[in-house]
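The values are calculated or read from the model by the stated rules, or taken from the named source; none is laboratory data. These figures come from a predicted structure and were not determined experimentally. A quick note on method: Cβ atoms are made from the backbone with ideal geometry, for glycine too, and the neighbour counts reach across all protein chains shown.
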Amino acid sequence: MKVSHYFEWEEYITGGHAQSVDNQRTIMDRAGIEYTPKPTLDADLLHLNNMGPKSLYYAKQAQRADVPVLVHTHQTAEDFEESFAFSNLLAKPMKPYLRYAYSLADHLVCPSDHNRRVIEEYADAPKTVVSNGFDPEKVAGYDDESLRETYLDRYDLDPPVVFNVGHVIKRKGLEAFVETAREMPDLDFVWFGYLNPAGGELDRFLKSRDTKRLVESAPDNCQFTGYVEDIEGAFAAGDVFFWPSKNENEGIALLEAMSCGKPLVIRDIPTYDWLEDGTHCLKASDESADAATAAAEFADELDRLRDSDLREELGASAADKSEEFELDAVGEDLVSLYQRLA
């Protein structure tokens, strides 16, 4: 079997989307599946990971050549909102565009049950849920005590540290993160990750005014590190993973935090129906709550996690649950799908 595994605009996209593509290629490497990152019809299957114009072109060509087309539904208009400058405006035409793009697929692969439910409104093509998964090797060094001390010293953090990992965008609950930190001035809050959706040189073009305002107005106990090269350091330094995102297709950073045994405080959104409140995490608020209400509710749950015994109990339960999402577990699902379609 040979797969044309194409990720349009690969050189510009970072974060969970890019990590998902890396994970798929790791799965293929481990399974011995031949693939090329170039779009080509000289393959048994065309797997598209970002439906830009070039991907649309090759999807149409593949249909004519009778090459099966598998499309990953990483993007939805709902997930696109509140991400970067002009994203809310662009989300309106994005939905009909994605409806057309996804209609070109012979089969759609969705990273979560929630994403599949959303995509039902976009296209009638058959759908299979395959988690993005995570590679536990990527965060294997999180329990290195010297690494923890290095990161605590570097960012002047006093445990227990409340932390987040990922792009700093409003949709991921930036306002709630900042306002919750304001409610709890005796705790250190830190967000590790790019201060925009793409990172690097695109920062000043893509960072929205709201993002800039919220970051600049954050209280002294709330800091944003920007990109960190060693992600294990973030998981080593953090004690409670605070994930107030309003909308997610899945959330690889959350899976990684679970793997590290970090207790979770998350927003109560449909994406995380599979996480049991009080067992795998603590849930508060929902996507419709205003920032002040959400901050008060999140502060109540974080306050409970001052108890180190509760942190350990929830973290252990989360770690056990995360095993279902390791690449070796979800990889079988992706390989099976390839074999059915090719």
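Among the residues of region 40-59, how many are more than 10 Å from Leu70 (Cβ to Cβ) and within 25 Å of the chain's Cα centre (by Cα)?
Qualifying residue count for the region: 7.
Only one of Leu341, Leu327, Leu334 is within 27 Å of His17 (Cβ to Cβ), out of contact with any helix residue (DSSP H, G or I) (no Cβ under 9 Å at 6 or more places or on another chain) and in contact (Cβ under 8 Å) with a residue 40 or more places away in the chain. Can you tell me which?
After ruling out the rest, the residue left standing is Leu341.
Residue by residue, here is whether (1) at pLDDT 95 or above; (2) surrounded by 20 or more Cβ atoms within 10 Å (Cβ to Cβ) holds:
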site	(1), (2)
Met1	yes, no
Glu8	yes, no
Asp22	yes, no
His47	yes, yes
Pro53	yes, no
Leu56	yes, no
Ala65	yes, no
Glu82	no, yes
Ala101	yes, yes
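Cβ-Cβ distance below 7 Å, separation of 6 or more or different chains: which pairs start in region 246-264 with a residue that is in contact (Cβ under 8 Å) with a residue 60 or more places away in the chain and more than 21 Å from Glu137 (Cβ to Cβ) and end on one that is in a helix (DSSP H, G or I) and of a type in the set (Ser, Thr, Tyr)?
What qualifies is Glu248/Thr271.
Please work out which one of (1) in contact (Cβ under 8 Å) with a residue 60 or more places away in the chain; (2) surrounded by fewer than 19 Cβ atoms within 10 Å (Cβ to Cβ); (3) more than 30 Å from Tyr102 (Cβ to Cβ) is the condition Glu137 fails and give its number.
Of (1) in contact (Cβ under 8 Å) with a residue 60 or more places away in the chain; (2) surrounded by fewer than 19 Cβ atoms within 10 Å (Cβ to Cβ); (3) more than 30 Å from Tyr102 (Cβ to Cβ), only one is false for Glu137: (1).
Which fully enclosed helices (runs of 4 or more DSSP H) of region 249-326 have 1 or more residues being farther than 21 Å from Gly166 by Cβ?
On the way: elements: 252-259, 291-304, 308-322.
Helices (runs of 4 or more DSSP H) meeting the threshold: 291-304, 308-322.
If I ask for residues that are touching a residue at least 60 places away in the same chain (Cβ under 8 Å) and more than 19 Å from the chain's Cα centre (by Cα), which ones from region 93-127 would you list?
Of everything in region 93-127, those that are touching a residue at least 60 places away in the same chain (Cβ under 8 Å) and more than 19 Å from the chain's Cα centre (by Cα) turn out to be Asp106, His107.
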